[in-house]
Amino acid sequence: MPDLSAPSISYLGLAPVLIVLGAACIGVLVEAFVPRHLRWNAQVSLALLGTVGALAAVILVAGRNELTAARAVAVDGAALFIEGTIAALGALSILMFAERALDPAKSAFVASAALPVGSSADRKLATAPYSQTEVFPLASFAIGGMMLFAASNNLLVMFVALEVLSLPLYLICGMARRRRLLSQESAVKYFLLGSFASAFFLYGLALIYGYSGTVDLGEIREVAARSGASDALFVTGLALLIVGLLFKAGIAPFHAWTPDVYQGAPTAVTALMASCTKVAAFGAILRLLYVGFGTSEWTWRPLIYTIAIVSMVVGAILGITQTDVKRMLAYSSIAHAGFLLVGVIALGDAATAGRGLSSTLFYLLTYGLTTVGGFAVVTLVRDGDGEATHLSKWAGLASRSPLTAAVMTLFLLGLAGLPLTSGFTGKFAVFRAAIDDGAWPLVVVALLASAIAAFFYLRLVVLMYFSAPAEDGPTVGVPGLPTTIVLAVTAAATVILGLAPGAVLDLAEQAAVLVG
Amino acid sequence: MSHAAVLAADVVSSGEAGAFWVLGPIALAGAIGMVLSRNAIHSALWLVLTMLSLGGFYFVQQAPFLGAVQIIVYTGAIMILFLFVLMLVGRDYSDSIVETLRGQRVAAILLGIGFAGLVGGLIADATSGVESVGLAESNADGGNVAAIARLLFTDYLLAFELTSALLITAAVGAMILAHIEHESGSRPGQKEQSIARIKGPRPQTLTGPGVFARGNSVAAPALLPDGSVAEDSRATGMKMRQPPAIASGSIDDLDDVTVDSGANRDGVPT
């Protein structure tokens, strides 16, 4: 038997992922050995250290273009931009996890997840001042998995990363302190449907391997270019892979889990899922379609084109019928996933190469920041049962707390894509790239969907400002330092990226490099 | 693996084809049986059949390592864990017959068959007439096990290492969902319980259940020499049977005892 030579690994290139996963591993040890009264602070600082450290590492390695660990992971502009975005949004979500001031029990997470809901022990612990601090290492694992998911140049690593990001999310979805049954139901739904989607991805992976004899995205592209892409194995495999990814990104018609899970999960976890998971899934979609299947564009372009339309229309129209703020934001995320697919379509042409990619990267950043902000405001509006998410409860909020209503209005305008907000810049960039690419019918649909979606965002604004406040309306909590930081950062980003997006757009432009 | 087998690897022999036609229907029957069984234990056992057949397939296709792993890990470990869980949760859980979405079952069956037909047909179409290649070379250098080891520690090193994150998450998750942390001092430990028992009025163990010619269930109380029931032999949380009336001793009385409602015969907790 010949000697084995271990593959060379660029630890610097992998540093962002390794830092987050390392922080998660240390977090598990902290959980085991640190006494309970010290755990919360230790876990929060560790998780923040991991995500912020990863962001710093991304800035440090920016500019590298290489494949490492036997071509398994790409370290290139797009991967680093997405890793940085996930690290930043992840840090903001961790800050929301760490909020102590809003809930009277000092945390949004349950004290003991193993206790049956409503048992006497559970009721006794309902106001206990401690909670399951495992959520922090689990969130770190999820964030690390997301970063690797978007950077993997190999279908097998992509699949394992998909599981690494999903499994912790399934768990932390079910760990809300209030409305535990709803939270557990959302976790079970997400778990069952997520496993189903993973199975689709795995099936597609097997068929693509059967077709090409490799799981490496670059080699798949070469095989597809050599032999033509009309093979049934190839088309079926690609379709199944796309189904798995569309599920994770919450794109219609694979969106059915999104509203229920977004509503049931603790709001901080919803913010993590709505921002980071979406960014990671789109990172993987971009890499899969352009690195792996870039030469066989005409097999997937019509599919993505149709799905973009379906997702925009479903998200915008069903969003109107919602009566719950979290569900409304969930449908908004489905519509935004459709807008992002418009950017994915726009990457195809050689003449505009890069513009579709850079505009999608920029849109992901703006959308993620605005959505985290929106969910942060949702955590503030509370009544006796926890967060008051029914729309009727939000009536006349502006007279109770003008500042909260103003901040929420800013985020809603950003999501609607009104000028002078980051949402407008992002949409403009994506739509312009699509028009340059000749996909103007898609842009027309996207504009109509934006207009429909703007209706339900603005309806909430009208409700907050022009309705009489409800008699037994909710109170607006005074956020502690973590949520204040989140709100300040996301609100500032929504304004700045709307007024002066030049620097970040340039950064996205430079980052629009895919190797493989 | 023998040298001759390696040389002949690229040809599908008649033995291999025969094994396929024997194992294939068995695997399929197991899969169908698993879906159709009402009893969860039966489902699990059907699945064992499918997995064993899959292990057989791997052996036939000259992947002995994969075949052994399939049987040891999947059939041996994972399915047995399944059975443990089913036994712990209770084996008589039947399907809910309430459809929350009308027509869901029919739609699911039709779409499932349609999807299976589509994918199966496409794969059959794509693989018919394809010559198998590459088996000889991938098994050439030290055989199957060495080839897998080489791939695991070179090309797929990162995927292999990454699964550790998955395993840690799974372990932490199991702890979160199953482990209840008790405040220290909130309930007596083993030591406190022993001390309390020794200090209490009754340091010795409680009387066991009665053992009679026609029943030794825990639900049968023990009798004292005078024929009365030993009260401390009654088990808690369980409906006790009538003691056999030995003192008054007629055969009819004994029958009354043993032919009580079937549900209680095994001391099912009430």
(message) I'm trying to understand the selection: among the residues of the range A:86-111, which are part of a helix (DSSP H, G or I), of a type in the set (Gly, Ala, Ser) and open to solvent by less than 10 Å² (accessible area, probe 1.4 Å)?
(response) A:Ala87, A:Gly90, A:Ser93
(request) Please enumerate the residues belonging to the range A:71-115 that are out of contact with any strand residue (DSSP E or B) (no Cβ under 8 Å at 6 or more places or on another chain) and within 10 Å of chain B (Cβ to nearest Cβ). (result) A:Ala111, A:Ser112, A:Ala113, A:Ala114, A:Leu115
(message) Pairs please, first residue from the range A:84-104 and within 19 Å of A:Asp385 (Cβ to Cβ) and β-branched (Val, Ile, Thr), second anywhere and modelled with pLDDT of 95 or more and in a helix (DSSP H, G or I), Cβ atoms under 7 Å, 6+ apart in sequence or on different chains.
(response) none
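Per-residue answers, yes or no, for (1) open to solvent by 10 Å² or more (accessible area, probe 1.4 Å); (2) of a type outside the set (Asp, Glu); (3) within 30 Å of A:Leu487 (Cβ to Cβ):
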site	(1), (2), (3)
A:Ala224	no, yes, no
A:Ile251	no, yes, yes
A:Phe254	yes, yes, no
A:Thr258	no, yes, yes
A:Ser275	no, yes, yes
A:Gly283	no, yes, yes
A:Thr299	yes, yes, no
A:Ile307	yes, yes, no
A:Ala316	no, yes, yes
(message) Just to confirm my filter: which helices (runs of 4 or more DSSP H) fall fully inside the range A:116-181 and include at least 2 residues that are within 9 Å of chain B (Cβ to nearest Cβ)?
(response) A:135-151, A:155-173
(message) Can you pull out every residue in the range B:137-191 that is open to solvent by 90 Å² or more (accessible area, probe 1.4 Å), more than 8 Å from every other protein chain (Cβ to nearest Cβ) and within 28 Å of A:Pro168 (Cα to Cα)?
(response) B:Glu161, B:Leu167, B:His182, B:Glu183
(message) Going residue by residue through the range A:71-79, is there one that turns out to be out of contact with any Ser or Thr (no Cβ under 6 Å at 6 or more places or on another chain), assigned to a loop (DSSP other than H, G, I, E, B), under 30 Å from B:Ser138 (Cα atoms) and open to solvent by 60 Å² or more (accessible area, probe 1.4 Å)?
(response) yes
(request) Scan the range B:53-83 residue by residue and report those that are more than 19 Å from B:Ile148 (Cβ to Cβ), of a type in the set (A, V, I, L, M, F, W, C) and touching a residue at least 24 places away in the same chain (Cβ under 8 Å). (result) B:Met79, B:Phe82, B:Leu83
(message) Cβ contacts < 9 Å: first residue on the phi < 0 side of the Ramachandran plot, restricted to the range A:426-452; second residue open to solvent by 10 Å² or more (accessible area, probe 1.4 Å) and among the acidic types (Asp, Glu), any location; separation 6+ or different chain. Result?
(response) A:Asp436/A:Asp349; A:Asp437/A:Asp349
(request) State the number of residues belonging to the range B:16-45 that are open to solvent by 50 Å² or more (accessible area, probe 1.4 Å) and over 20 Å from B:Ile109 (Cα atoms). (result) 7
(request) Report, by residue number, each residue of the range A:1-38 that is closer than 30 Å to A:Ala111 by Cα, without any contact (Cβ under 8 Å) to a residue 12 or more places away in the chain and within 10 Å of another protein chain (Cβ to nearest Cβ). (result) A:Ala32
(request) Could you tell me whether the range A:337-358 includes any residue that is part of a helix (DSSP H, G or I), closer than 20 Å to A:Asp260 by Cβ and in contact with a Lys or Arg (Cβ under 8 Å, 6 or more places away or on another chain)? (result) yes
(message) Just checking: which of the helices (runs of 4 or more DSSP H) contained wholly in the range A:384-483 hold 3 or more residues that are within 27 Å of the chain's Cα centre (by Cα)?
(response) A:402-416, A:422-436, A:440-466
(request) Collect the residues in the range A:365-387 that are surrounded by 24 or more Cβ atoms within 10 Å (Cβ to Cβ) and small (Gly, Ala, Ser), keeping them in residue-number order. (result) A:Gly368, A:Gly373, A:Gly374, A:Ala376
(message) Going through A:Ala187, A:Ala197 one at a time, which residue ends up being within 10 Å of chain B (Cβ to nearest Cβ) and among the hydrophobic types (A, V, I, L, M, F, W, C)?
(response) A:Ala187
(message) Need the failing condition index for A:Ala56 against (1) away from chain B (no Cβ under 14 Å); (2) out of contact with any Lys or Arg (no Cβ under 8 Å at 6 or more places or on another chain); (3) touching a residue at least 40 places away in the same chain (Cβ under 8 Å), just the number.
(response) (3)
(request) Sort out for me the helices (runs of 4 or more DSSP H) sitting completely within the range B:62-176 that have 1 or more residues that are under 24 Å from the mean Cα position of the chain (by Cα) and under 22 Å from A:Tyr211 (Cβ atoms). (result) B:64-69
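The values are calculated or read from the model by the stated rules, or taken from the named source; none is laboratory data. Only a predicted model underlies this, so the values are computations on that prediction, with no experimental measurement involved. Cβ atoms come from the backbone with ideal geometry, glycine included; neighbour counts cover every protein chain shown. Just so you know, the surface numbers come from the protein's heavy atoms only, side chains and all, with ligands and any DNA or RNA stripped out. Shrake-Rupley method; radii C 1.70, N 1.55, O 1.52, S 1.80 Å.
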